[in-house]
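Written below as C-alpha cells is the structure these notes are about.
What follows is calculated from the coordinates using simple rules that are stated; it is not laboratory data. All of these numbers come straight from a predicted model, not from anything done at the bench. We place every Cβ from the backbone using ideal geometry, glycine too, and count neighbours over all the protein chains shown.
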Amino acid sequence: MTLLKPLTTSLSIQLLLLGITLLSGCSMGKIVARSSTSILDGGVDAMNRETDLLLAEQAIPANIKLMEGLITEDPDNQDLRVYTAQAFYGYAYGFVELADSERAKALYQRGFDHAGKALQRWHITDELLQGDPDKLHQAVSKLNKSAVPALFWAASNWAKRIDLDRTNPTSIAELASTEILMRQVLKLQPDYYYGGASLFYGVYYGSRAPMFGGDFTRADANFSAARKVSNNRLLLIDVLQAEYLERQRFDQAKFHQLLTEVANTPQGHFPEMALANQIARARARYLLIKEEEWF
Amino acid sequence: MVLNNKRFLSVILILGILLVSRGAFAAHVLKFATLAPAGSTWMNLLEDWATEVEQRSEGRLHFKFYPGGIQGDEPDVLKKIRFNQLQGAAFSGHGIGQIYSPARVMELPYLFNSFAETDFVREKLMPEFEQGFHDNQFELLGWMEIGFVHIFSKEPVRTLDDMKSRRVWLWQGDPMGKAFFKASKIQPVPLSIIDVYTSLSTGLIDTVYSTPLASIAMQWFTKVKYMNDTPLTNAMGGLVVSRRFFDRLPADLQTLLRETGKATGKRLVSATREDNQKSRDELRKRGITFIASDEGISTEKLIAIRDIAASELMAQNYIPEQLIERTKTLLHDYRNPHTATNN
C-alpha cells in the first residue's frame with residue numbers, strides 16, 4: 001500500500017503531463033525544461049554561496065551541459081538562456097581566462113550567443129546587434145525591465161569576448177554596441193546583479209586612455225556607485241578597479257593597496273556571493289604578481 | 001588549468017620566477033611606451049620584438065612596455081624620454097614632428113596615391129631620415145604606418161568647400177594639419193586628440209580626420225555618418241629610442257636592436273594595412289556611408305592645395321625645400337620609370 005501510493009501518484013502526474021502535452025502540443029521535454037527553472041534558481045544561489053573554488057570549477061561545466069540539454073528541448077526559454085549565459089561568464093572569468101584566453105574567448109562567445117537568443121524575444125536580432133549602433137540604440141531603448149537580465153548577460157559576455165579579441169577590428173567596433181545594451185540596464189535597473197552595470201562602466205571608462213574614449217573621473221564614479229549597491233561587500237569591484245582603472249591611470253600605490261586588501265579580506269563577510277569573492281581573491285593574488293611588470 | 005588554491009599558488013610561483021628571471025637581471029632595460037592597447041595587433045608584434053631581442057641577447061636587453069597610452073599622449077611621452085623616465089616609444093607623425101620634422105615630408109597631403117609609391121620613396125629617403133633622428137638625439141629603429149587618413153563627418157563632405165561650413169577638428173599644435181587647413185582656407189577647431197571623442201558628442205566639432213582603423217579604435221566612428229574616400233595623406237609612425245640609451249649599449253646590442261626594429265617595423269606596416277582594409281569593411285557594415293573619390297574636387301585643385309601647404313611648411317623650415325623637391329622627383333621617377341633620373 002505504501003509502495004503503491006507513490007506509484008499511483010507518479011502515474012497520475014505522468015498522465016496529467018501527457019494530457020497537457022496532448023492539449024497544448026507541448027513536448028514532455030519542454031515541460032520538464034520549463035518546470036526546471038525554479039530548481040535552477042536554487043542551483044544558482046547555491047553556486048553563488050560556494051566557497052570551494054575547486055568544487056565550483058568542477059561543478060559548473062556539468063550544470064552548463066545540463067542547461068544546454070534543457071535548452072535543446074525548449075530553445076525559446078529565455079530564463080534558461082540567461083542562466084546559461086551567466087554560467088558561461090562565471091566559468092570563463094573565474095576559471096579559464098587567466099590560463100587560456102583563447103578558450104575563454106570561445107566560452108564568452110557561447111554565453112553571448114545564449115543571451116542573444118534570449119534577446120530575440122524582444123526583436124533584438126543578430127542583424128541589429130552586428131549593424132548600425134544607432135539602429136540598435138533605437139530598438140534597445142524601447143525595452144522594459146523584463147529584458148534586463150538578457151541585456152546584462154549579453155553585454156557582459158560580449159564585452160569580455162571583445163576584451164580578449166583586440167587584434168580584430170570587427171571586435172573593437174562591436175564595443176560601442178555592448179555599451180548600448182548596458183546603458184539600458186543602467187537606466188532600467190541600476191541595482192541589477194549588485195550594480196553590475198556600474199561595474200561595467202567603471203571598466204568601460206577606466207580601461208582606456210582618454211584619447212580612446214576613457215574617462216577616469218567617470219570610471220571612479222561608477223566603481224563607487226557599484227560599491228554602494230553591494231554595501232562594499234563585493235571584492236570584484238576593487239579587483240576590476242585595480243586591474244583596469246589604476247593600471248591605465250598608472251597609480252601603482254592604489255593598485256597595490258586595493259589588491260592587497262582584497263587578498264587579505266577574510267571569508268564570510270558576504271555569504272550570498274562567496275564564490276565571486278573567492279574568485280576575486282585569487283585574481284587579486286595573480287594581479288599582484290603582475291605589478292612589477294606593469295609599473 | 002584550474003584556479004584552486006594549491007594550483008593557483010603554483011602558477012603564481014612559476015610566474016614569479018619567470019618574471020624575476022626575465023627583467024631583474026637584464027643589464028639594459030628599455031622602457032617603451034605606445035598608444036597601442038594591450039592585446040592589439042600592434043602590441044602583440046611589439047611583444048614579439050621584445051621576445052626576440054631578449055632571447056638573442058641572452059637576457060641582456062629587456063623591454064618593459066607601457067601600452068594603451070598609460071604614459072600619456074605623445075608630447076607627454078616625448079617629455080618623459082627627454083627626462084630619461086622612458087627610453088623609447090612608437091610615435092605617429094605628430095610625435096615624430098617634434099623630433100625630426102623633415103621626415104613628415106612623407107605625410108604631405110595629396111602626395112601619394114598608393115602604398116607602392118610610399119614604399120618606393122621612403123626606401124630612398126630612409127638613410128637621410130635615420131641621420132636626421134640621430135642628429136636630434138634619437139635613433140629611428142623601424143618605420144611604421146598609421147595608414148591613409150580620411151575625412152569623417154556627421155554631414156556629407158564631398159568637397160573642401162563643404163568643410164568650410166563645418167566644425168572641423170585640428171590636432172592642436174600640429175604644423176602639418178595647420179598648413180593643410182590654411183591652404184584649404186578652412187577655419188578648424190584646434191583640440192588635443194584626448195578631447196575629440198567628447199567634442200564630437202557635444203557638437204563642438206562635427207568633422208575629424210583619421211584612418212579607418214583609428215576611427216574604430218578611438219570609437220569616433222560611432223559619432224559620425226560619412227567617410228570621404230579621397231585620402232588626405234598616408235600617416236606614418238616610427239619606433240624610436242633615445243640616443244642616451246642607445247649609445248650606452250654594446251655594439252652587438254645596437255646592431256640587434258636596429259636589425260630587429262627594422263623587421264618589426266615592416267611587420268607593423270603590413271599588419272596595419274591589413275587591419276585598415278578590414279576596418280573599411282567594418283565601417284560600411286556599421287552604417288558609415290562612403291563618399292566616392294570622384295564625387296570630390298579635381299586632382300588639379302588638390303595638387304594646388306598640397307603645394308600651398310608645402311610652401312607654408314618650407315617657410316616655417318618645418319620641412320626643407322630641398323627635401324620636398326627631392327621627394328617629388330622620386331615620386332615622378334616612380335610614376336615615369338622610363339624617364340627616371342638617377343636619385
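In sequence order, what are the phi-derived ³J(HN,Hα) couplings for the range A:145-159 according to the Karplus relation 6.51 cos²θ - 1.76 cosθ + 1.60 with θ = phi - 60°, rounded to whole Hz, with x for glycine and proline?
The phi angles translate into 4, 5, 8, 4, x, 5, 4, 5, 6, 5, 5, 5, 5, 5, 5 Hz.
Can you list residues whose amide H is under 5 Å from B:His150's amide H, if they're 5+ apart or on another chain and H is modeled 1.01 Å from N?
Amide H neighbours of B:His150, under 5 Å, 5+ apart: B:Ser210, B:Thr211, B:Leu232.
Can you compute the equivalent ellipsoid semi-axes for the range B:28-105, i.e. the square root of 5 times each eigenvalue of the Cα gyration tensor, sorted largest first and rounded to whole Å?
Numbers: eigenvalues 97, 40, 32 Å².
Equivalent-ellipsoid dimensions as semi-axes: 22, 14, 13 Å.
Tell me whether the range B:242-343 comes out rounded, prolate or oblate; compute the Cα gyration tensor, take square roots of the eigenvalues as a ≥ b ≥ c, and use a/c under 1.5 as the rounded threshold. Walk me through the numbers on the way to the answer.
Numbers: a/c = 2.03, a/b = 1.25, b/c = 1.62.
Oblate is the answer for the range B:242-343, as a/c is 1.5 or above yet b/c matches or exceeds a/b.
Angle check, please: helix B:251-285 long axis (alpha carbons) against the longest principal axis of chain B (alpha carbons), in degrees 0 to 90, nearest 10.
50 degrees
List the relative contact order of the range B:212-294 as a percent without decimals, with contacts defined as Cα pairs under 8 Å and 6+ residues apart.
69 percent
On C-alpha positions alone, give me the angle between the axis of helix B:5-19 and the longest principal axis of chain B, in degrees, nearest 10.
70 degrees
For chain B, just the Cα atoms, rotate onto the principal axes and tell me the three extents in Å, largest first.
That works out to 66, 52, 37 Å along the principal axes.
So what J values fall out for the range A:281-288 if you push phi through Karplus, 6.51 cos²θ - 1.76 cosθ + 1.60 with θ = phi - 60°, rounded to Hz, Gly and Pro as x?
Rounded to whole hertz, the list is 5, 4, 5, 4, 5, 5, 5, 4.
For the protein assembly as shown, count the residues as N, evaluate 2.2 N^0.38 Å, and divide the Cα radius of gyration by that value, please.
Computed over Cα atoms of the protein assembly as shown, the ratio equals 1.11.
Roughly speaking, what is the stretch gain from B:Arg243 to B:Thr202, that is 0.36 nm per residue apart minus the C-alpha to C-alpha distance, in nm to one decimal?
Details: separation 41, 0.36 × 41 = 14.76 nm, distance 4.27 nm.
Full extension of this stretch gives 10.5 nm more.
Classify the range B:119-193: rounded, prolate or oblate, from the alpha-carbon gyration tensor (a ≥ b ≥ c, eigenvalue square roots; a/c under 1.5 rounded; otherwise prolate if a/b is larger than b/c)?
Numbers: a/c = 2.80, a/b = 2.15, b/c = 1.30.
Prolate, since a/c reaches 1.5 and a/b exceeds b/c.
Under the rule that an exposed site lies in a DSSP loop and has at most 14 other Cβ atoms within 10 Å, name the longest stretch of chain B with no chymotrypsin sites (Phe, Trp or Tyr not before Pro) of that kind, not counting the sites themselves.
B:84-343
Using DSSP, restrict attention to beta bridges with both residues in the protein assembly as shown and report what percent are antiparallel, rounded to the nearest 5.
Rounded to the nearest five, the antiparallel share is 60 percent.
Among rounded, prolate and oblate, which fits the range A:199-295 when a ≥ b ≥ c are the square roots of the eigenvalues of its C-alpha gyration tensor, a/c under 1.5 means rounded, and a/b larger than b/c means prolate?
Cα axes put the range A:199-295 in the oblate bin.
Separation between the A:Lys254 and B:Glu274 pseudo-spin-labels, each 7 Å from Cα along Cα→Cβ, expressed in nm?
3.8 nm
Would you mind giving the mean number of other chain beta-carbons within 10 Å of the Cβ of each residue in B:300-306, as a whole number?
0
Residues of A:161-171, mean number of Cβ from any other protein chain within 10 Å of their own Cβ, rounded to a whole number?
Mean shielding count: 5.
Can you list the HN-Hα couplings for the range A:113-123, worked out from phi with the Karplus curve (6.51, -1.76, 1.60; θ = phi - 60°), rounded to whole Hz and with x for Gly and Pro?
Per residue, the Karplus-derived 3J(HN,Hα) values read 4, 5, 5, x, 5, 4, 5, 4, 4, 9, 6 Hz.
Based on the Kirkwood radius over alpha-carbon pairs, what value in µm²/s does the Stokes-Einstein equation return for the translational diffusion coefficient of chain A at 37 °C and 0.692 mPa s?
So the translational diffusion coefficient is about 160 µm²/s.
Projected area of the range B:142-274, taken from the Cα convex hull and averaged over every viewing direction, in nm²?
Across all orientations, the range B:142-274 yields a mean hull projection of 9.3 nm².
Could you please tell me the mean projected area of the C-alpha convex hull for the range A:89-175, averaged over all directions and given in square nanometres to one decimal?
For the range A:89-175, averaging the hull's shadow over all directions gives 5.5 nm².
Within 10 Å of each Cβ of B:65-74, how many other protein chain Cβ atoms are there on average?
Details: counts 2, 3, 4, 9, 8, 7, 2, 4, 3, 1.
Average per residue, whole number: 4.
To the nearest whole percent, what portion of all C-alpha pairs in the range B:24-169 is separated by more than 22 angstrom?
Of the Cα pairs, 53 percent sit more than 22 Å apart.
Please report Rg over Rh for the range B:153-226, where both radii come from the alpha carbon positions and Rh follows the Kirkwood definition.
We get a ratio of 0.93 for the range B:153-226.
How far is it, in nm, from the label point at A:His269 to the one at A:Ala99 when both lie 7 Å from their Cα along the line to the Cβ?
2.9 nm
So how tilted is helix A:216-229 from the main axis of chain A? Cα-based, degrees 0 to 90, rounded to 10.
40 degrees
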